[in-house]
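Undergrad: Let me give you the structure first, and then I'll get to my questions.
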Amino acid sequence: MIKKLSLLLSALIFSVAVLAVDNHYVLGVDGLACPFCAYGIEKRLNKIEGVTDVQVDVGESVVHVSMREGKTLTEDRASQAVDEAGFTLRSFSEAEGETGGNDAQ
Amino acid sequence: MRSNRPLAGVSVLIGALLLTGVSWVQAAPNTFNTALPVAEGQYLWREQLVLRERSDNGPMDREVSVQALGSVLGYGVTSRFAVFGMVPYFFNKELDVTTPMGRIERDTSGFGDVSLFGRYTLYKKDETGNTFRVAPVFGLTAPTGDDSDSDRFGELPRPLQAGDGAWDGFAGVVTTYQTLQYQVEGQLLYRENGRHDGFARGDETRFDASLQYRIWPRSMKGMPGTPAFVYALLESNVIHRERDETGSGTDADSGGGQWLLAPGLQYVSRSWIVEGTVQLPVAEHPNGDAIEDDYIVRVGFRRNF
């Protein structure tokens, strides 16, 4: 009985986690070459409704963006935000899983 | 001396600019501007403490000591156009000079002249891990500082006042090439100083250049995210100042040319920059007995928000 209950609980937790998964995007950004400049990109992207997290990888010139469940980021909106920060969007891709995918050149 | 009146002569002889020399803008070099972007809606706040010592080789053995704080607030109107406001505060601006009455000390303190200026990114070329930008700058300095302070000897010499009493204008162009490893900047700037109450500081033309080289982290390999950088920097300032205008003529012992080199260090994170440099004269060609710089120390921080 306890074993069945544990199994049921595990399945329930797993299904909720799958349903609640965020959308992740990887943005290639040209012109980004120092930490102080990264702040402007974070600020502009964080203004987009539904964005829950922005991680800038300066060395790779990419930005990982997480969106709340049910929210999506379009390439045009991402390009606008990067442009408002003073940089140039090089590439845009939707990533698989939590950590995002590779930069899609 | 152009006059037998010692104190009036001191006014005239001070000659060379006693401006704080607070460098105005946001990122990159410590002694001048940059063309790097300010994001739309982003603010930049900068404080820079300036300690400047100056002296001359003339018979009056003048020594000038300035301790000032330059406060700058910048705002990104668009990604290409940013505006900045700068106000200097002089903790002390002091002149020691030998007169027929002996060695005397004169000083003042208070807010100086406020500068407002804009910078527009005319050209940019972004590539992966680097950027090249060209941005004209243009602005005005308003006569907000006290230009009529006095002490027991009378009104202070005009160059010693916290403000010059006149509207000044400046314009120039700054260019930046930045990579993950290093950054090169250049600036050409002209400042035309206005005239007030019979006095005008000499107009100024300057060419500035800087090299910043990332010394930490040594390599970006295996460095995810946005690690803080430490840059070693070397800046160069070549400055030519015309003679000050006094009455209907010019002060023969003012203005001239100088070349300063400034080694320094800069810690740069996402939101903060902490920096320090020492500007040292490499070559000075003062007009007559104009005052020359001995050294200028600049330490400060910048904050993004």
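Every number in this text was worked out from the coordinates using simple rules, so none of it is lab data. Predicted model, so just to flag it, every value in this text is computed and none were measured. So basically every Cβ, Gly included, is an ideal-geometry build from the backbone, and we count neighbours across all protein chains shown.
Undergrad: With +1 on each Lys and Arg Cβ and -1 on each Asp and Glu Cβ, how big is the dipole of segment A:22-95 about its Cα centre, in debye rounded to the nearest 20?
TA: Values: 7 positive and 13 negative charges, 38 e Å.
For this selection, approximately 180 debye.
Undergrad: Based on the Cβ-Cβ distance of B:E155 and B:L49, what FRET efficiency does E = 1/(1 + (r/R0)^6) give at R0 = 25 Å, to the nearest 0.05?
TA: 0.30
Undergrad: Loop-only check: which trypsin sites (Lys or Arg not before Pro) in segment B:167-255 are DSSP coil with at most 16 other Cβ within 10 angstrom?
TA: B:R218, B:K221
Undergrad: Enter the mean projected area of the convex hull around the alpha-carbon atoms of chain B, in nm², rounded to one decimal.
TA: On the way: hull surface 59.9 nm².
Computed as one quarter of the Cα hull surface, the answer is 15.0 nm².
Undergrad: Relative contact order for segment B:6-304: what percent, with Cα pairs under 8 Å and sequence separation of 6 or more? The partial results should precede the final answer.
TA: On the way: 905 pairs, mean separation 54.4, N = 299.
With pairs under 8 Å counted, the relative contact order is 18 percent.
Undergrad: On to the next question. In whole angstrom, note down how far apart the Cα centers of segment A:42-100 and segment B:264-282 are.
TA: Between the Cα centre of segment A:42-100 and that of segment B:264-282, the gap is 31 Å.
Undergrad: Here's something else I'd like to know. Search the structure for amide H atoms under 5 Å from the amide H of A:T88, placed 1.01 Å from N in the peptide plane, and list their residues when 5 or more places away or on another chain.
TA: Counting only residues 5 or more places away or on other chains, the set is A:D30.
Undergrad: How far apart, in nm, are the 7 Å Cα→Cβ label points at B:R195 and B:D96?
TA: Result for the modelled spin labels: 3.6 nm.
Undergrad: Provide the FRET efficiency to the nearest 0.05 for the B:W259-B:Y213 pair, computing r from the beta carbons and using R0 = 25 Å. Kindly include the intermediate steps, with their values, before the conclusion.
TA: Working: r = 21 Å, r/R0 = 0.84.
My answer for the efficiency is 0.75.
Undergrad: About the Cα centre of chain B, how large is the charge dipole given +1 on each Lys and Arg Cβ and -1 on each Asp and Glu Cβ? Please answer in debye to the nearest 20.
TA: The dipole magnitude comes to about 1420 debye.
Undergrad: May I pose another question? About the Cα centre of the protein assembly as shown, how large is the charge dipole given +1 on each Lys and Arg Cβ and -1 on each Asp and Glu Cβ? Please answer in debye to the nearest 20.
TA: Dipole magnitude for the protein assembly as shown comes out near 1140 debye.
Undergrad: Can I ask one more? Using only the alpha carbons of segment B:136-192, what is the convex hull's orientation-averaged projected area in square nanometres? Before the final figure, lay out each step's value.
TA: On the way: hull surface 23.4 nm².
Over every viewing direction, the Cα hull of segment B:136-192 projects on average to 5.8 nm².
Undergrad: If you build the Cα gyration tensor of the protein assembly as shown and take the root of 5 times each eigenvalue, what three semi-axes come out, in whole angstrom, biggest first?
TA: In descending order, the three semi-axes are 54, 19, 18 Å.
Undergrad: Another question, then. Tell me which residues come under 5 Å, amide H to amide H, from A:T52 once H is placed; ignore anything under 5 positions away on its chain.
TA: Answer set, sorted by chain and number: A:S66, A:M67, A:R68.
Undergrad: Which Cα, out of B:P88, B:T144, A:F92, lies furthest along the positive dipole direction of the protein assembly as shown (beta carbon charges, K/R +1, D/E -1)?
TA: Of the listed residues, the answer is A:F92.
Undergrad: Let me ask something additional. Relative contact order of segment B:59-137, please, whole-number percent, based on alpha carbon pairs below 8 angstrom and at least 6 residues apart.
TA: Once normalised by length, the contact order is 27 percent.
Undergrad: What is the spin-label model distance, in nm, from B:S109 to B:A142 if the labels are put 7 Å beyond Cα along the C-beta direction?
TA: Result for the modelled spin labels: 2.5 nm.
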